[in-house]
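We did not get these values from a lab; they are worked out from the coordinates using the rules stated. Being a predicted model, the structure only gives us computed values, none of them experimental. Methodologically, a virtual Cβ is constructed for each residue, glycine included, from the backbone with ideal geometry; neighbour enumeration extends over all protein chains shown.
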Amino acid sequence: MTDLELKKLIGAALTVRPTDNWHYPLSENQLRHLITQAVEAEREACIKIIGEHQIPVGNSAAGEMAREWTYDALKEIRDEIRARK
């Protein structure tokens, strides 16, 4: 996550209505919102890496089958990550 993305997340957290806890720069619900957004952004970044991974393929039928098995396994991993909200 870049500094600019983090600043945007903090800005978004500050738009969340604060609780009565004013002892810290961010209230509990603002901090919770910030953490949730950061985790979601990282999860989506990981899913994007999995989705864009290039699988090498040979010129044989076995290579094509191995590519399909690998692709299917990566889709399952991607779906498991998405399911872990």
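Some points to look at:
- Spin-label zone in the stretch 62-82 - amide nitrogen under 15 Å from a point set 7 Å from the Cα of His53 along the C-beta vector: 66-82
- What the Cβ-Cβ distance of Ala66 and Thr2 gives, at R0 = 35 Å and to the nearest 0.05, is a FRET efficiency of 0.45.
- Here the relative contact order of the stretch 30-85, from alpha carbon pairs under 8 Å that lie six or more residues apart, stands at 38 percent.
- Calculated on C-alpha atoms, the gyration radius of the chain divided by its Kirkwood radius gives an Rg/Rh of 1.26.
- Simple spin-label estimate for Ala12 and Ile77 in nanometres, 7 Å along Cα-Cβ: 2.6
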